[in-house]
1. Does residue 124 qualify as being in contact with a helix residue (DSSP H, G or I) (Cβ under 7 Å, 6 or more places away or on another chain), surrounded by 13 or more Cβ atoms within 10 Å (Cβ to Cβ), in the same structural domain as residue 91 (by TED's automatic domain parsing) and closer than 22 Å to residue 94 by Cα?
2. Being modelled with pLDDT of 95 or more, touching a helix residue (DSSP H, G or I) at 6+ places or on another chain (Cβ under 6 Å) and assigned by TED's automatic domain parsing to the domain that holds residue 44 narrows it down to one residue among 117, 139, 102; which is it?
3. Can you tell me which of (1) touching a helix residue (DSSP H, G or I) at 6+ places or on another chain (Cβ under 8 Å); (2) closer than 25 Å to residue 202 by Cβ; (3) at pLDDT 95 or above is the one residue 154 doesn't meet?
4. Taking the options 187, 193, 175, name whichever one is in contact (Cβ under 8 Å) with a residue 60 or more places away in the chain and surrounded by 13 or more Cβ atoms within 10 Å (Cβ to Cβ).
5. Somewhere in the stretch 8-15, is a residue at pLDDT 95 or above and either assigned to a strand (DSSP E or B) or surrounded by fewer than 18 Cβ atoms within 10 Å (Cβ to Cβ) (or both)?
6. Looking only at strands (runs of 3 or more DSSP E) that lie completely in the stretch 162-224, which have at least 2 residues being under 19 Å from the mean Cα position of the chain (by Cα)?
7. Please find, within the stretch 80-96, the residue that is modelled with the lowest pLDDT out of those that are outside any strand (DSSP E or B) and more than 22 Å from residue 170 (Cβ to Cβ).
8. Quick test of your reading of the structure: residue 78 fulfils all but one of (1) surrounded by fewer than 14 Cβ atoms within 10 Å (Cβ to Cβ); (2) closer than 26 Å to residue 16 by Cβ. Name the failing condition by number.
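The values are calculated or read from the model by the stated rules, or taken from the named source; none is laboratory data. All values reported here derive from a predicted model rather than from experimental measurement. Virtual Cβ from ideal backbone geometry, glycine too; neighbours counted across all protein chains shown.
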């Protein structure tokens, strides 16, 4: 029982080398000259050897700027698979067994735990995968993904349910939608990640949505 508990704590990043608080961010300089920026509620461990530079993203999101070293590949283990840099800047988001990779510069190799591999994900492309399914590469605007590094979140015609899930990452507690009729309401806007209450206020003012805050850790959204 203790061994199982220890494995769970290790996998969740409890003993990670680097962590960021909910709502916070953290800049890390690695020994090889690479840099990592952790987004809210993230955990990362580093394991460099003479043959490989390997980091494990236990949870959350990280932006990697990788220093060139052809003799030692730079590999990110995201649980459901791996991302290998090809002289690169890229973003990895891990949500349990679901992983999203976005390339900002150059390219990466993406492999999932089931052995499926995309040999090249190029600049301005994104892919999502889990341990069994490797999605298709899609063209994206990297600046939208990079917005969190400027303390912003950008939404473009995204459903309320997706917006709530994203806002929830930046605050303690839960945001619950109690009426399924409002889950698909589209939202376009730019919000600061440092004040999610202000974002919720803007949603209430622009949509037929009522926002109720119960204590410091629960927000309910319903139709009005």
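1. Values: in contact with a helix residue (DSSP H, G or I) (Cβ under 7 Å, 6 or more places away or on another chain): yes; surrounded by 13 or more Cβ atoms within 10 Å (Cβ to Cβ): yes; in the same structural domain as residue 91 (by TED's automatic domain parsing): yes; closer than 22 Å to residue 94 by Cα: yes.
Spelling it out, residue 124 is indeed in contact with a helix residue (DSSP H, G or I) (Cβ under 7 Å, 6 or more places away or on another chain), surrounded by 13 or more Cβ atoms within 10 Å (Cβ to Cβ), in the same structural domain as residue 91 (by TED's automatic domain parsing) and closer than 22 Å to residue 94 by Cα.
2. Working: 117 fails: touching a helix residue (DSSP H, G or I) at 6+ places or on another chain (Cβ under 6 Å); 139 fails: touching a helix residue (DSSP H, G or I) at 6+ places or on another chain (Cβ under 6 Å).
Among 117, 139, 102, only 102 is modelled with pLDDT of 95 or more, touching a helix residue (DSSP H, G or I) at 6+ places or on another chain (Cβ under 6 Å) and assigned by TED's automatic domain parsing to the domain that holds residue 44.
3. (3)
4. Values: 187 fails: in contact (Cβ under 8 Å) with a residue 60 or more places away in the chain; 175 fails: in contact (Cβ under 8 Å) with a residue 60 or more places away in the chain.
The conditions single out 193.
5. Taking the stretch 8-15 as the starting set, the residues that turn out to be at pLDDT 95 or above are none.
Within the stretch 8-15 (the criterion being at pLDDT 95 or above and either assigned to a strand (DSSP E or B) or surrounded by fewer than 18 Cβ atoms within 10 Å (Cβ to Cβ) (or both)), the answer is no, since none of the residues qualifies.
6. Working: elements: 174-177, 186-192, 209-214, 218-223.
Qualifying strands (runs of 3 or more DSSP E): 174-177, 186-192.
7. First pass over the stretch 80-96, keeping only residues outside any strand (DSSP E or B): 80, 86-88, 96.
Then drop every residue that is not more than 22 Å from residue 170 (Cβ to Cβ), which leaves 80, 86-88.
Values: 80: 97, 86: 96, 87: 85, 88: 91.
So the residue we want is 87.
8. Only one criterion is unmet by residue 78, namely (1).
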